[in-house]
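Here the structure is laid out as structure tokens; the discussion comes afterwards.
Read the figures in this text as sums done on the coordinates, not as results from a lab. Here the structure is a predicted model, which means the values were calculated and not measured. Ideal geometry is used to build each Cβ from the backbone, glycine not excepted, and the neighbour counts take in all protein chains shown.
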Amino acid sequence: MPLTKIQFRPGVNRETTSYGDENGWFNSDLIRFRKGRPEKMGGWERLSSNTIDGTGRSLHVWAALDGSKFMGLGTETKVYIEEGGGYNDITPIRSTATLGANPLTTGAAGSGVVTVTAGSHGAVTGDFVTFSGATTTDGVTAAQLNIEHQVTVIDSNTYTITTTGASSSGTTAGGGSAIIANYQINTGLDTVVTGNGFGAGLWSGLSTGYSQTTLNDSGGIDASVTSFTLTSAALFETAATTTSANLTIISSSIPVANSTGFPAKGTLLIGSEKIRYGTNVGNVFGDLTRADDGTTAATSTSGDAVTFVGLMLIESELIQYTGKSTHTINAGVVRGVRGTTAASHADGVAVKEANDFVGWGESSSTAANTGSNIRLYTQDNWGEDLIFNVYDGTPYYWDKTLGLGNRATDLASQSGSSDAPTITRRIMVSGADRHVVCFGCNPLGETDQDLLMVRWSDQENPVDWTPTATNTAGSQRISSGSEIISAQKTRQEMLIWTDTALHAMRFTGPPFTFGFSMLANNVSIIGPNAVTTVGDKVFWMDRENFYVYTGRVQVIPCTLLRYVFDDINLEQSFKCFAASNKMFDEVFWFYPTADSTEIDSYVKFNFTENTWDLGTLSRTAWVDYGIHDNPRASGIASGTNFVYVHETGDDNDGAAMTSFIESADFDLGDGEQFMFVSRLIPDVDITSTDADAPVNYILKTRNYPGDSLTTNSTSAVTSTTQQSFLRSRSRQVALRVESSTAEMTWTLGDLRLDIRPDGRR
């Protein structure tokens, strides 16, 4: 029988059905298109064995005059400068305090936990503090104390640290009277906390953002355990019991003898009835929801016990409790409440406060709020120095001349600084005109942030922000929208996205310095980092489309549009970011899928060939080649954060990388007849150190579009394979080509099959 050549269109298309996209590609992972042909994507390896603390959300590279190459890296906990594979901590210091006499108290004998008394410390759990001047206390040595520690906050005046030492006798005060505590800037969030209340949070479920700790039982807990230990239960509401006044079925409030110790809102247990309350004022609980959580409204009498009921979430299980002892939950524990299932949990899993978990259709007792976004940064270099800011935070300056051991300091605290912004959303250095520009910052002479305000420093002077007749410092408020979301530097201008429009900011010279114009209305951006510049092109995504700006705004036709936006987790949209790969004329958009709170997937556009593909890859920030020979990206491997060098080798950090491309269905004629496939002639260019390294050709079949595809045959094709014999009979066939062998790459050509008609039945 004559061979039939099957030629597939370049690019992956999910805008139609698999059957509707005949002779197209329908799915892929870790491949790219080059000259219309699919090939395996390049590999990656760790920049070094050194790890970073937190998830990298911002990378910026530059070179010094002496040839040194630097990379700034920001996480939710730290700011680093990388050189030669080493990560130098430049996280700014928030405050410095001298603690009182003997502020340290050791824990139980043999414990490394130390309680620190530090009035108005301003820290949050997860912050870092460095001690100096501490003396040996109860067996915990000075060397073990006078280092950096991560804190767990107990209250505004107290926190704990965990040392590598062990106390001798336990519960001993000490440390001396000369301890200096250097507090680093507060850590941020690594997961977006959604708002709560009507229209602001999750419908009928857990409103996140409450206290969170870690299960600390050796070996974990099983489904029946009713007493378990947490790393810290300090931030969980302490169960309290008081005495009620008379409460009837129709009561709208509950007066009690003393409501001290009860949270502002929560759930009460009176007899067998649970009652949710929204206010706690003057020993009276109000805003009641009677008979909560499936209980029955009942009459109580004066003197009945009123007990606070706590609720915590461990993975998918809700656990109710009424009491705790220090860090052990050990009273009134009920497993698997509110329709969840009691389950076993490993030591180290997260434990979340869940007191605002409500049933389907019930109103939340929590007042509406806007939630909190993850910690993001913008970075730019001023000559050899680094300028950066926390999103909606302070601008900072790192001076190279002071060395890599030097921490960054506030821009406003630099020598000669005048009226520098103290809070801003984004910061960057303009082009050849060299102004430092802040977007969404505090206006001149004010401390409150204006999310539409743009301010710039004097030309060639990053610290002078006071406009005068003899300098070019100034400001401008954007005219549309309610907030600036992002800004991006191009060769000719700076682009500014608000929540409703795209604006251009162009250097015009004195007297106005910059001119502003609206480029497009009803256009926004999905997240601050979802934009990248390649040459004269600027690419970004909003919540509905992909765009390119080349002097005018254009929607990019996308063959994966519906697939991506139907599967993206919009609650975590601030994590979405764009990345360019100029080696191959590609732009990535990395995003978290609907079932994930962290980035796990990408969609990729080849802007020269106008082809799209998709895949799975956990990357959280990216910087293209230029200063360095290859792109770099931050990513997570087995819970550990690394920086990776991309487009090097063929493997996944030394392990085999699985990549594939799968076609849409094709048939014989109009699909009236079954087709019998008996032979496959591969056309694939394989490069490998092993001549026998296979690329697998997999034929999947079905008889109707509504059937599931069934793997019918697999042919292991090597660089020497001429033909492969097989037997396949169906109306529709799809081809999948995949590899999972280390140190190999491949490029596909055309497919030829020996096909003959084989009847209608």
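Tabulated data for the structure shown
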{"quantity": "Built amide H within the under 5 Å cut-off of R276, gap 5+", "calculated": "L268, T289, D292"}
{"quantity": "Listed candidates (i) 14, 38, 35, 12, 1; (ii) 16, 48, 30, 6, 0; (iii) 13, 42, 36, 8, 1, 0 - label of the one calculated as P(r) over Cα pairs in 20 Å bins from 0, in percent", "calculated": "(i)"}
{"quantity": "Sparse-neighbour loop sites [GluC sites (Glu not before Pro); region 534-596; at most 15 other C-beta within 10 Å; DSSP]", "calculated": "E544"}
{"quantity": "Under the Karplus curve 6.51 cos²θ - 1.76 cosθ + 1.60, θ = phi - 60°, whole-Hz ³J(HN,Hα) for region 558-571, x wherever Gly or Pro sits", "calculated": "10, 7, 10, 4, 4, 4, 5, 6, 7, 10, 8, 8, 5, 5"}
{"quantity": "Longest exposed-site-free window of the chain, the sites being chymotrypsin sites (Phe, Trp or Tyr not before Pro) in a DSSP loop that have at most 14 other C-beta atoms within 10 Å", "calculated": "513-761"}
{"quantity": "Value of [θ]222 nm, deg cm²/dmol, for the chain, DSSP H segments ≥ 4, -39500 (n - 2.57) each, nearest 500", "calculated": "-500 deg cm²/dmol"}
{"quantity": "Over 31 Å (Cα to Cα) - which of K352/K575; K352/K400; K35/K69; K489/K575; K274/K352; K5/K582 fall in this group", "calculated": "K352/K400; K35/K69; K5/K582"}
{"quantity": "Amide proton proximity set for F26, modelled H, under 5 Å, gap of 5+", "calculated": "N13, E662, S663, A664"}
{"quantity": "Furthest towards positive pole of dipole, A97, L502, S372, structure part the chain, Cβ charges", "calculated": "L502"}
{"quantity": "Region 1-99, dipole about Cα centre (Lys/Arg Cβ +1, Asp/Glu Cβ -1), debye to the nearest 20", "calculated": "460 debye"}
{"quantity": "Amide H contacts under 5 Å for W382, placed H, 5+ residues apart", "calculated": "I387"}
{"quantity": "Leading residue at positive end of dipole, the chain (Cβ point charges), from T242, T162, N652", "calculated": "N652"}
{"quantity": "Spacing of the two label points (7 Å from each Cα toward its C-beta) at R729 and E45, in nm", "calculated": "5.1 nm"}
{"quantity": "Order of C438, C576 - criterion: other Cβ atoms within 10 Å of each residue's Cβ, fewest first", "calculated": "C576, C438"}
{"quantity": "From phi via Karplus (6.51, -1.76, 1.60), per-residue ³J(HN,Hα) for region 119-126 in Hz, x at Gly/Pro", "calculated": "x, 6, 5, x, 7, 10, 4, x"}
{"quantity": "Cβ-based exposure ranking for V281, V333, V436, in which fewest neighbours within 10 Å come first", "calculated": "V281, V333, V436"}
{"quantity": "Alpha carbon convex hull of region 377-528, projected area averaged over orientations, nm²", "calculated": "8.8 nm²"}
{"quantity": "Hz values of 3J(HN,Hα) by residue in region 617-634 - Karplus curve (6.51, -1.76, 1.60), Gly and Pro given as x", "calculated": "6, 8, 10, 10, 6, 7, 9, 6, 5, x, 4, 9, 6, 9, x, 10, 8, 8"}
